[in-house]
Each structure stands twice: as structure tokens, then as C-alpha cells.
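Here's the structure, in C-alpha cells; my notes come after.
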Amino acid sequence: MKKGCLIALIVAVVVILIVGIGMYSYIKNTYNNMVILEENVTQKWAQVENVYQRRADLIPNLVEVVKGYAGHERETLEAVVNARSKVGGQINVGPEMLNNPEAFAQFQQSQGALTSALQRLMVVVERYPDLKADQRFADLQVQLEGTENRISVERGRFNEAVQGFNTTIRQFPTNIIAGFFGFEQKVYFKADDGADIVPEVKF
């Protein structure tokens, strides 16, 4: 083999190796970045689940206290209990739901129904001054107000994490790597009518 051909072959091999190592490094870094972003979405989702669980845990106490003063408001109390039971099995559903728009919409609809039932209950409570003066009720007021605020905050953080992830996996050429490794867009929380106002929990 001529010396010139040997040098050209060596140069070609070195170039291929450099390009190959560069491509491997790029793919590895891109993949790892998508994993980090996806884990961030999952962590933010866990926080959303936590605050929804906290609200669900407060409801039985709320219903019991209301019963003591306004037991004949049966329809309103049952609406709250039924709405809570519907979300009970949906709270810790796992991050796999974030790739399923239909399941996510159902989750959000159930949580919205519970919020609406609680708001109706608060209207009823206004008719019972003794109930509003109850210390247990006052404590629940503080806890529920805080929980509703946390729900709003954690949903916002979750949406920010989803935006970062979705934007990354849709950009070229990252979208090719994302598609190859099976990364899929996550679902956002969408505001319902009037959801831009944090529900008032006043007793």
C-alpha cells in the first residue's frame, strides 16, 4: 500500500472515531438531560398528588363538624362525600397518566367536581353562625385555605416542568433522539372556567 493511501486511511479512521465519539457524547448528554427533565415532571406531579391527598384527608373531618351543626343539609354533605369518593382512587394514579390526555382530563374533572362541591358547602355554612364560631371549624378553615393555595402553586410548578420537558423533546434534533428512546409529551393542567380564582374557603 502506498504511503499516501495509508495516511489517508488513518486520517479517515481518526475522523470517523472523532465524529463517532462526538455523536455518542451528544446522544448520551441529550438522553440524560431528557431523563432529568422527565424526573422533574414526575417529582412535581408527586407534589400535586400530595396536596390533593391533603385536601381529601381534611374532608371527612369537615363533614363531621358540619353534621354537628347542619345535619339536615344532607344533599350538600352527600355531594361533598360523593365527590371525594370519586377522587379517592384517582389521587395516587402515578406519572404514567401524564401521557394519557383522556385519563388526565378525567382526573382533573373529578378534582374540579370536588372543588365545586366544597364551594357549595361553604355557601351553606354561612347560614350557621355557631358552626362558624366552632374552633375545630376555624382550624379546618386555615388548613383548607392553605391546601387550596398549595394546589394552585403546585399545579403551576407542574405545568412549568411539563413545558420545559415538552419543549426540549420537540426541538430539532433532540426530537429524533426523544422519538427513538420513546419520550412522549406530557399533559398540562388546563384551567377550568373560573379556575383562575383560588376558591375561597371561609366559614
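FYI, it's all coordinate maths here, none of it is from the lab. As the structure is a computational prediction, the values presented were derived from the model and not from experiment. Glycine gets a Cβ as well: all are built from the backbone with ideal geometry, and neighbour counts include every protein chain shown.
A few comments on the model shown:
- The H on the amide N of Lys186, modeled in the peptide plane, is under 5 Å from the matching H of Asn166, each at least 5 residues off or on a different chain.
- Mean-square fluctuations from a GNM of the chain, with a 10 angstrom spring cutoff on Cα atoms, peak among Ser116, Ser85, Ser25 at Ser25.
- Phi to ³J(HN,Hα) by Karplus 6.51 cos²θ - 1.76 cosθ + 1.60 over region 74-82, Hz, x for Gly, Pro: 4, 4, 5, 5, 5, 4, 5, 4, 5
- In order along region 146-156, the phi-based Karplus estimate (6.51 cos²θ - 1.76 cosθ + 1.60, θ = phi - 60°) of 3J(HN,Hα) comes to x, 5, 4, 5, 5, 4, 4, 5, 5, 5, x Hz; Gly and Pro are listed as x.
- For region 114-129, 3J(HN,Hα) computed residue by residue from phi via the Karplus equation (6.51, -1.76, 1.60; θ = phi - 60°) reads 5, 4, 5, 5, 5, 5, 5, 5, 5, 5, 4, 4, 4, 7, 10, x Hz, glycine and proline entered as x.
- Mean-square fluctuations from a GNM of the chain, with a 10 angstrom spring cutoff on Cα atoms, peak among Pro101, Pro60, Pro173 at Pro173.
- Within the listed set Gly112, Gly88, Gly182, the Gaussian network model of the chain (springs between alpha-carbon atoms below 10 Å) gives the highest mean-square fluctuation for Gly182.
- The distance between label points at Leu17 and Lys67 comes to 7.7 nm (points 7 Å beyond Cα on the Cα→Cβ vector).
- The modelled label-to-label distance between Ala113 and Ala46, using points 7 Å beyond Cα along the C-beta direction, is 2.9 nm.
- Label-point separation, Gln163 to Asp130 (7 Å along Cα→Cβ), nm: 5.0 nm
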